[in-house]
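A.B. asks: Okay, here's the structure, questions in a sec.
The values are calculated or read from the model by the stated rules, or taken from the named source; none is laboratory data. As the structure is a prediction and not an experimental result, all values here were calculated from the model. Virtual Cβ from ideal backbone geometry, glycine too; neighbours counted across all protein chains shown. Ligands, DNA and RNA are stripped out before the accessible areas are found, and what is left, the full protein with its side chains, is counted by its heavy atoms. Shrake-Rupley method; radii C 1.70, N 1.55, O 1.52, S 1.80 Å.
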2 protein chains.
Amino acid sequence: MHSLEDFRKQVEKSLKEFSFNDHPRELYDPIYYMLDMGGKRIRPAMVLAACEMFGGDYKEALPAALAIEVFHNFTLVHDDIMDQAPLRRGKETVYQKWNTPVAILVGDTMLSLAYDQLIQVKEGKLPEIIGLFNKTSIEVCEGQQMDMNFETADQVTIDEYLEMIRLKTAVLLAASLKIGAAIGGADAGNKDRIYKFGEAIGLAFQLKDDYLDVFGKQELFGKQASGDIVTNKKTYLFLKALELSATEDRQKLKELYKLDLNDNMEKIKTVRGIFEKYEIDRRTMALIQQYHDEAIRLLVEIGVPDDKKQILHSIAGQIVERNF
Amino acid sequence: MHSLEDFRKQVEKSLKEFSFNDHPRELYDPIYYMLDMGGKRIRPAMVLAACEMFGGDYKEALPAALAIEVFHNFTLVHDDIMDQAPLRRGKETVYQKWNTPVAILVGDTMLSLAYDQLIQVKEGKLPEIIGLFNKTSIEVCEGQQMDMNFETADQVTIDEYLEMIRLKTAVLLAASLKIGAAIGGADAGNKDRIYKFGEAIGLAFQLKDDYLDVFGKQELFGKQASGDIVTNKKTYLFLKALELSATEDRQKLKELYKLDLNDNMEKIKTVRGIFEKYEIDRRTMALIQQYHDEAIRLLVEIGVPDDKKQILHSIAGQIVERNF
């Protein structure tokens, strides 16, 4: 049995050894740069963990794990162009360090490299796994488009927001687990359960991200303090506050979320004040807990011995408890 | 037996019937727009033709044909962003009509939609066909990157240029034919021959494009007259002229290819003059003929009755003879 840390290290090692034709350099240097940038490698580690959980040899799942990580990095490269983000993990983003045409092409190439890893799974499992990967890739794009739509939308419902983060964030975690499970030999029922487990912890993860942006210890989080408030992002916290607040506070929130300021101190303070008045912090944590509990319920139903479920159990707990 | 026209119509029909989840509309409207824009559908028609040539039922190759056409359109959507092209086939390009983030995401989604069509091929043929598709997709990106590199490169050799157009243009035609052949049941030798046939006619096609840009009847060609000269594109014609010309003419050409003018009449005239002086038109047509002859030689070697080869024979001929 391996630990999450073992799997992360294994992914890091495979990424270092990951080789492909790398000419022309102008295309492949940014790919190496991106894959060397680090990250928690949580998605590919989930592929390996799910494979081993069902009695498979995790080594057999390594190409699929690599595919998931390369795919994830493809989305980051393209998202950074769309969001005009200058930095990622403290380093220049690809489009910023090189340029937009190169970043577009780098992403396109990474998506095909991901598929090229994926086809190394056993032939009998290929249609199922590639089919799920396609579906996931399309859904991630749909989620990103919804996210962009929300920037200019007059009204966004909480259901729409949850659907957006499900597509943009949760389905990739869910697919990582299901692909690992499929390689490990899980049956249809368990594959379905682990997928839904992944969706639930993915939703909890993103909601915790939203929560920490406003109520986290910013120095640990390593991001701009309350960046979501600064950029007027319609997160769960904002939408829930709109739903619950009295007319005056609602108007105030709506006005504040039209501003584009240089100094955001006062704005952040006022928004936090309104959020606290309507207990948005407590309510958000309650929803996170609800998704966590749903995830644990699904995990319990999976028919393998409890000790095999330890990594997923601990991941689910960490998502709720993490402070950064 | 079907004609090329039959196959084109069949592709057009399949594209019309091609259905997928289309929410959010902001993502899928541009996909419908792009697929409705028309085009010769030559690549997907080649998939069907190659399948039937080896005794397969062309209907079985329809999803793969669709995959190739959707893939081709994905490359156009992203290339238009990179090239800042305002128009395609007389209509606004996707990034121009919507915006760059939408166009990036539309392309990404189309690439995944292409894979989603491709997996409908028979299970036993899936690894081979997806593997070839991956390789092709990566090579097309490499070709596009080389093309962008050449814009700012001091020196480009003719070999490098031919390798660039092989990757950017020829391999997709070659892969279309090989995928169709694989579905139709061709053996390894014939798959190899038809792939090389596709590369050869792809190279001939692009060189004819370069030729017509300078020496074609512009009103028929429907593009900006001598656009390659206006934009200082280092085509085969330019590179061959550099190789053959006397010092004075070479210097002149190099200087002209640094200019960014509003009125290009004089520049075009001078460049054409130098090209004609060194018989670049004749030499380019000779190289096109050479690739054509190589293609026909490969076609002859393919072990199926001659009447089955009619479509590919006629395609090869048309590429050399076309005036637009």
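A.B. asks: Please go through segment A:108-130 and give me each residue that is open to solvent by 20 Å² or more (accessible area, probe 1.4 Å) and within 19 Å of A:ALA181 (Cα to Cα), ordered by number.
C.D. replies: Within segment A:108-130, A:GLN117, A:ILE119, A:GLN120, A:LYS122, A:GLU123, A:GLY124, A:LYS125, A:PRO127, A:GLU128 meet the criteria.
A.B. asks: Moving on. Name the residue, out of A:ILE319, A:ILE296, that is within 25 Å of the chain's Cα centre (by Cα), crowded, with 19+ Cβ neighbours inside 10 Å and part of a helix (DSSP H, G or I).
C.D. replies: A:ILE319
A.B. asks: When residues of segment B:54-86 are filtered for being free of Cβ contacts under 8 Å to residues at least 12 places away in the same chain, of a type in the set (Gly, Ala, Ser) and more than 24 Å from A:TYR95 (Cα to Cα), how many remain?
C.D. replies: Adding up the residues that qualify gives 0.
A.B. asks: Just the residues that are of a type outside the set (A, V, I, L, M, F, W, C) and assigned to a helix (DSSP H, G or I), please, taken from segment A:58-85.
C.D. replies: Residues satisfying the conditions are A:TYR58, A:LYS59, A:GLU60, A:PRO63, A:GLU69, A:HIS72, A:ASN73, A:THR75, A:HIS78, A:ASP79, A:ASP80.
A.B. asks: Tell me, please, whether a residue that is facing another protein chain (nearest Cβ under 9 Å) and either in a helix (DSSP H, G or I) or more than 19 Å from the chain's Cα centre (by Cα) (or both) can be found in segment B:149-162.
C.D. replies: Looking for residues that are facing another protein chain (nearest Cβ under 9 Å) and either in a helix (DSSP H, G or I) or more than 19 Å from the chain's Cα centre (by Cα) (or both), one finds at least one in segment B:149-162, hence yes.
A.B. asks: Let me ask something else. Which of the residues that make up segment B:108-141 are more than 8 Å from chain A (Cβ to nearest Cβ), within 22 Å of B:SER14 (Cβ to Cβ) and not hydrophobic (A, V, I, L, M, F, W, C)?
C.D. replies: Across segment B:108-141, the qualifying residues are B:GLN117, B:GLN120, B:LYS122, B:LYS125, B:THR136.
A.B. asks: Going by the conditions given, is B:THR284 of a type in the set (Ser, Thr, Tyr), in contact with a Lys or Arg (Cβ under 9 Å, 6 or more places away or on another chain), touching a residue at least 60 places away in the same chain (Cβ under 8 Å) and in a helix (DSSP H, G or I)?
C.D. replies: Taking the combined requirement at face value, the residue satisfies it.
A.B. asks: Are any residues in segment A:255-307 basic (Lys, Arg) and farther than 17 Å from A:ILE319 by Cβ, and if so, which ones?
C.D. replies: A:LYS258, A:LYS267, A:LYS269, A:ARG272, A:LYS277, A:ARG282, A:ARG283
A.B. asks: Take the residues in segment B:85-107 that are polar (S, T, N, Q) and more than 9 Å from every other protein chain (Cβ to nearest Cβ); name whichever of them is surrounded by the fewest Cβ atoms within 10 Å (Cβ to Cβ).
C.D. replies: B:ASN99
A.B. asks: Give me the pairs: first residue in segment B:157-169 and in contact (Cβ under 8 Å) with a residue 40 or more places away in the chain, second residue surrounded by fewer than 19 Cβ atoms within 10 Å (Cβ to Cβ) and among the charged types (D, E, K, R), beta-carbon distance under 8 Å, and six or more apart or on different chains, which are they?
C.D. replies: B:ILE158/B:GLU243
A.B. asks: Something else about it: On the basis of being away from every other protein chain (no Cβ under 14 Å), in contact (Cβ under 8 Å) with a residue 12 or more places away in the chain and not β-branched (Val, Ile, Thr), does B:LYS191 make the cut?
C.D. replies: So B:LYS191 fits the description; yes.
A.B. asks: Does at least one position in segment B:33-42 carry a residue that is of a type in the set (Ser, Thr, Tyr) and either over 26 Å from B:GLY227 (Cβ atoms) or under 17 Å from the mean Cα position of the chain (by Cα) (or both)?
C.D. replies: The answer is no, given that none of the residues of segment B:33-42 is of a type in the set (Ser, Thr, Tyr) and either over 26 Å from B:GLY227 (Cβ atoms) or under 17 Å from the mean Cα position of the chain (by Cα) (or both).
A.B. asks: Going residue by residue through segment A:219-231, is there one that turns out to be touching a Ser or Thr at 6+ places or on another chain (Cβ under 7 Å) and more than 30 Å from A:GLY55 (Cα to Cα)?
C.D. replies: yes
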